[in-house]
Amino acid sequence: MNRHSIHAQIQAVDFAIDRVNDHAKHLNNRKSEIALIKDMLLSARKTLCDVRDTGPSIQSGEAGK
């Protein structure tokens, strides 16, 4: 996965987080479900950022060596 692809995925997750926040304003009775989805999206974003910031070593299997 190249850096451009990771960046595009981060942007997609950011968009999804924004949409969840928008829907949360209108769905107060489903706060726990919305919070779970938001936590999953934030976790996905963190993972993608970590992969991006680690660089090519993680892609070539050299991470941790």
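Can you give the net charge of the other residues whose Cβ lies under 15 Å from the Cβ of residue 24, counting K and R as +1 and D and E as -1?
+1
For region 4-15, what does the Karplus curve 6.51 cos²θ - 1.76 cosθ + 1.60, with θ = phi - 60°, yield as ³J(HN,Hα) per residue in whole Hz, taken in order and with x for Gly and Pro?
Whole-Hz 3J(HN,Hα) from phi for region 4-15: 5, 5, 5, 4, 4, 5, 4, 4, 5, 5, 4, 4.
Return the sequence-ordered ³J(HN,Hα) values of region 43-51 in whole Hz as given by the Karplus equation 6.51 cos²θ - 1.76 cosθ + 1.60 applied to θ = phi - 60°, using x for Gly and Pro.
Each residue of region 43-51 in turn: 5, 4, 5, 4, 4, 4, 5, 4, 5 Hz.
Every number here is computed from the coordinates shown, using simple stated rules; none is lab data. Please read these numbers as outputs of a predicted model, since none were measured by experiment. Backbone-built Cβ (ideal geometry, glycine too); neighbour counts: all protein chains shown.
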